[in-house]
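All remarks here apply to the structure that follows.
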Amino acid sequence: MTEDRPIEYWLTDMDGVLVHEEEPIPGAGDFLEALKASGRKFLVLTNNSIYTPRDLRSRLLASGIDVPEESIWTSALATAQFLADQRPAGRAYVVGEAGLTTALHDIGYVLTDHDPDYVVLGETRTYSFEAITRAIRLIDAGARFIATNPDPSGPSQQGKLPATGSVAALISTATGRTPYFVGKPNPLMMRSALNRLDAHSESAVMIGDRMDTDVVSGLEAGLRTVLVLTGSTRPEQVETFPYRPTRVVDSIADLVDLARGQTLPPPTD
């Protein structure tokens, strides 16, 4: 894979790259404004399925970062696209919040607890024992098990919160059925984002803060990858992985010139 090809399309993770919780990461706004000025298409990706793109746009604006609604791609949207391709106009029992239910409604799915084609598990802050029990019984009865992402935990100001992967493990233990995870590190999420941009992987780059989700999924989707050191993966951890990103940089601020149209230079290490 040559590295001096022009970058026409950008994919970037959100948490750890553009923001920490509600705080913007220095350079994130400049990077996005440079992309807009250059006319290059981009998507901000997140495994968080709680919020709709409209909700996320509002949250980012409150942090001083302006991302158009149509430039946000969530695991909920990727899951909905996957289900629309697999079984158009299907039926699903959903354990999740507005980001997921809205995405499924928008593709014409009926949300029901009566004989669904799928049980779809997403992120929520109010997991219900009753809803999880219903999901288990529907899967036992033959519904296919889908989950938006495998993340076992998520951050909060008070500490870790259980996330989709943890609840999926609970349901899997009870049913003996493993879900199909659509979000990162599944490269399917990257490919669905590229399809939304009508882009080819050879002219696209993925920016992320995690080697085990962002970088590996970008790599497996055929994209060049950039790891920023403002999130989960620490510098000393990079060499422990059997694969490498195309570039490692301190933060998104180091990519502003590239967003203006420069090419990705050869590695210096």
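The values are calculated or read from the model by the stated rules, or taken from the named source; none is laboratory data. Predicted model only: the values in this text are computed from it and were never measured. Cβ placement follows ideal geometry from the backbone for every residue including glycine, while neighbour counts extend to all protein chains displayed.
Which members of segment 49-90 meet the condition of being surrounded by 22 or more Cβ atoms within 10 Å (Cβ to Cβ) and of a type in the set (S, T, N, Q)?
Selection gives 49, 52, 74, 75, 79.
Sort through 192, 203, 172 and tell me the only one that's in the same structural domain as residue 100 (by TED's automatic domain parsing) and surrounded by 14 or more Cβ atoms within 10 Å (Cβ to Cβ).
172
Among the residues of segment 29-40, is any modelled with pLDDT of 95 or more, within 16 Å of the chain's Cα centre (by Cα) and not small (Gly, Ala, Ser)?
The answer is no; no qualifying residue exists.
If the requirement is being assigned by TED's automatic domain parsing to the domain that holds residue 89 and within 16 Å of residue 100 (Cα to Cα), which of these qualifies: 145, 129?
That would be 145, the only listed residue that is assigned by TED's automatic domain parsing to the domain that holds residue 89 and within 16 Å of residue 100 (Cα to Cα).
Tally up the residues in segment 172-211 that are part of a helix (DSSP H, G or I), free of Cβ contacts under 8 Å to residues at least 60 places away in the same chain and in contact with a strand residue (DSSP E or B) (Cβ under 7 Å, 6 or more places away or on another chain), please.
Qualifying residue count for the region: 1.
Would you be able to tell me the number of residues in segment 226-237 that are surrounded by fewer than 24 Cβ atoms within 10 Å (Cβ to Cβ) and not in a loop (DSSP other than H, G, I, E, B)?
The qualifying residues number 3.
If you take the residues in segment 212-224 that are without any contact (Cβ under 8 Å) to a residue 60 or more places away in the chain and buried (at least 24 other Cβ atoms within 10 Å of the Cβ), which one is farthest from residue 24 (Cα to Cα)?
217
Exactly one condition in (1) in a loop (DSSP other than H, G, I, E, B); (2) buried (at least 16 other Cβ atoms within 10 Å of the Cβ) is false for residue 159; which is it?
Going through (1) in a loop (DSSP other than H, G, I, E, B); (2) buried (at least 16 other Cβ atoms within 10 Å of the Cβ) one by one, residue 159 breaks only (2).
Filter segment 132-149 for residues that are under 19 Å from residue 51 (Cβ atoms) and either in a helix (DSSP H, G or I) or of a type outside the set (Val, Ile, Thr) (or both) and give the result.
147, 149
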